[in-house]
Amino acid sequence: MINFIIIVFGLTMLYISSTIRIEGYIKALSIQGFLLFFLVLLDYDTIILPNLIFLSFETLAVKAIALPLFLIYIIRKNGIFREVEPSVTSMSSLIITSLIFAAGFYISYWSIDAVSNIRPFYFGISISTIVAGIFIIISRKKIITHVMGYMMLENGNFLMALSIVKEMPFIVALGVLLDIFIAIYLLGLFVNKVQDEYSEIHIDTLSKLKD
Amino acid sequence: MIEILINAALLIILPLLFIGLINRVKSLWGGRQGPSIMQPVRDFLKLMKKGEVISTTSSFIFKIAPSITFASIILAGLIVPMAGGRSILSFNADFIFFAYILATGKFFAIIGAMDTGSSFEGMGASREAVFSSLVEPAFFIVIASIGILGNVSTFEGLMRLSGGSGELKMLILMLGAGTLFIMLLVEGCRVPVDDPNTHLELTMIHEVMVLDNSGPDMGIIMYASAMKMIIISSIIANMVIPESMAFGLSLASYLAVLLVLAVIIGTIEAIVARLRMSHVPQFLFYMTAISVIILSIIVLTVSGGMK
């Protein structure tokens, strides 16, 4: 069951890397949130209760429901529906993500002998997710996709923590949540207020900013 | 012996019925009653009775190409395990033969299309070549990974192995069946890769290659492409059917899986639009991406990494 969830998680990353619809990104992020929630539940016997409650809240309420709803609200309000001119075409993006996955699995293969308390398959997918999240931040041009790339990176981090110690330290989880909150908050501020000055929410326009 | 005879009969009877079923499902989704399931059979018989018009610009290649394509697909059909996991012919490494005999058929279809000298047919041939070359590596990765897992090298052996239980095996087979389903859509020229009913030459792939064919040649081309769908559906069916079943039960579940596949394809055709031509390679690359995941699962399993 765990392996199945992780593979679906990997498939959502492949989907994200090849789509240009922002709503597709958000739906995939929401699915990732649900998958992480199920992973936490399946590991319930190794996690202490308060932590389990917090992790369930973080994955289900925040990652799977609240943030996607807020992002959908932002894109509907501002009419941002697709990544207009990605600097990498979606075909090459898919190829690069597959290569990232292959590299991630190579690392997990290597980790079988090198590290004892690790679940290699988990580890491979989480490394790949982190790198693919960074790749999405690099290759897409809208600010909203950057934030989503960051959220994928955080999901990868979460998965990696589960793969090594089977749980994330409470304080780290809190910190990550705060980071995401700040990112989304700034995004909302930017999109809602600065939008009046720049009609396109596009990082190229930021190079023209001045006092 | 009787199993082989039944399989041979299925290989002959099923293809046109399969197409009829897909069309029927599609029309039901559209709120129409639709043509009878036997309609493709009637079309085939009608075409076999007709005469043939052959362009004067084409050479003998155009005349032999449909027959060679048809023959190669029948040969491929003999190797693929059908009901009960039994194939009619089986020898060492026959899945490589399977892939290349299909490729041979495709090669002749392509040069037959180019032989007519029509620019549309050349365009269709070029698309067919590109898409087939994207499908082939993924097919080999999937089949070879399953081969590594069980240390077998015949198609029959692969499918027997795949009948087992266990979470990992199930995972691999689900991903493998998904990959082969994309291959089914490509090889069968169905939506979202290609639209069998389109009338605009610029958007066709397979249909545009056979614009010049008529009469019996057209009939066997139609039959051959339907048979190709049955062949790939058989691989998928054998992946999902458990191996340890009596032949009768296994035959029934084989037919049930084929029915489900036809319903799924018909449904996809009714509710999904054809992909833009520039997005098709990307869709096909999903096959390779998924097969990379399959390969890594198997490598991790064999080296003891899956816990």
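Values quoted throughout were computed directly from the atomic coordinates according to the rules given, and no laboratory measurement underlies them. Being a predicted model, the structure only gives us computed values, none of them experimental. Ideal geometry is used to build each Cβ from the backbone, glycine not excepted, and the neighbour counts take in all protein chains shown.
What does the helix-only formula give at 222 nm for chain A: each DSSP H stretch with n ≥ 4 adding -39500 (n - 2.57), the total divided by the residues, and the result rounded to the nearest 500 deg cm²/dmol? Helix contribution divided over all residues of chain A: -24500 deg cm²/dmol. For a paramagnetic label modelled on A:Tyr106 (point 7 Å from Cα along Cα→Cβ), amide N atoms under 14 Å away belong, within the range A:128-147, to A:128.
Based on the Cα gyration tensor of the range B:20-85, what are the three equivalent ellipsoid semi-axes, each the root of five times an eigenvalue, rounded to whole Å and given largest first?
Listed largest to smallest, the semi-axes of the range B:20-85 are 29, 23, 10 Å.
All other residues with a Cβ under 13 Å from the Cβ of A:Gly133 taken together, and with Lys, Arg as +1 and Asp, Glu as -1, what is their net charge? So the environment of A:Gly133 carries a net charge of 0. Rounded to two decimals, the Cα-based Rg/Rh of the range B:234-307, with Kirkwood Rh, is 1.11.
If each Cα of the protein assembly as shown is one equal point scatterer, what is log10 of I(q)/I(0) from the Debye formula at q = 0.12 Å⁻¹? For the requested q values the scattering log ratios are -1.16.
Over chain B, the pair-distance histogram of Cα-Cα distances with 10 Å bins from zero comes to 6, 27, 36, 23, 7, 1, 0 percent, rounded to whole numbers. Each Lys and Arg Cβ is given +1 and each Asp and Glu Cβ -1; about its Cα centre, the protein assembly as shown then shows a dipole of about 660 debye. Working from the Cα coordinates of the range B:163-238, the gyration tensor eigenvalues give, after taking √(5λ), semi-axes of 32, 14, 6 Å in decreasing order. All Cα-Cα distances of the range B:40-145, cut into 10 Å bins from zero to the largest, leave 13, 33, 35, 17, 3 percent in each bin in turn.
Exposed loop sites, defined as GluC sites (Glu not before Pro) outside DSSP H, G, I, E and B with at most 14 other Cβ atoms within 10 Å, are absent from the longest region of chain A, namely A:1-196. Taking the fewest neighbouring Cβ atoms within 10 Å as the starting point, the ordered list for A:Val131, A:Val115 is A:Val115, A:Val131.
For the range B:97-251, the Kirkwood hydrodynamic radius comes to 17.0 Å, computed from all pairs of different C-alpha atoms. With all projection directions averaged, the alpha carbon convex hull of the range A:52-158 covers 7.9 nm².
All alpha carbon pair distances within chain A were sorted into 10 Å bins beginning at 0; the resulting P(r) in whole percents reads 8, 35, 34, 18, 5, 0. Classified by the C-alpha gyration tensor, the range A:41-91 has an oblate form. Its axis ratio a/c, with a ≥ b ≥ c, is 1.5 or above, and a/b does not exceed b/c. In a fully extended conformation the segment linking B:Ile264 and B:Leu89 would gain 60.0 nm over its present Cα-Cα distance, using 0.36 nm per residue. Taking other C-beta atoms within 10 angstrom as a stand-in for reagent exposure, B:Thr69, B:Thr154 fall in the order B:Thr154, B:Thr69, fewest first. Take the range A:111-160, drop everything but the C-alpha atoms, weight them equally and run the Debye formula without solvent; then report log10 I(q)/I(0) at 0.19, 0.21, 0.26 Å⁻¹ to two decimals. Each listed q maps to, in turn, -0.59, -0.67, -0.85. Dipole orientation for the range A:62-122: of the candidates A:Gly104, A:Ser93, A:Pro68, A:Pro68 has the Cα lying most toward the positive pole (charges on Cβ; Lys, Arg +1; Asp, Glu -1). The local environment of B:Pro196, defined by Cβ-Cβ distances under 15 Å, has a net charge of -2 under the rule Lys, Arg +1 and Asp, Glu -1.
Taking 7 Å steps out from each Cα toward its Cβ at B:Ile111 and B:Ile12 produces label points 3.1 nm apart.
Using only the C-alpha atoms, the convex hull of the range B:180-297 corresponds to 125 Å³ per residue. If one takes the longest principal axis of the Cα atoms in chain B, at what angle in degrees, from 0 to 90 and to the nearest 10, does the Cα axis of helix B:94-115 lie? Tilt relative to chain B: about 20 degrees.
Footprinting exposure proxy ranking of A:Met151, B:Met114, fewest other C-beta atoms within 10 angstrom first, gives B:Met114, A:Met151.
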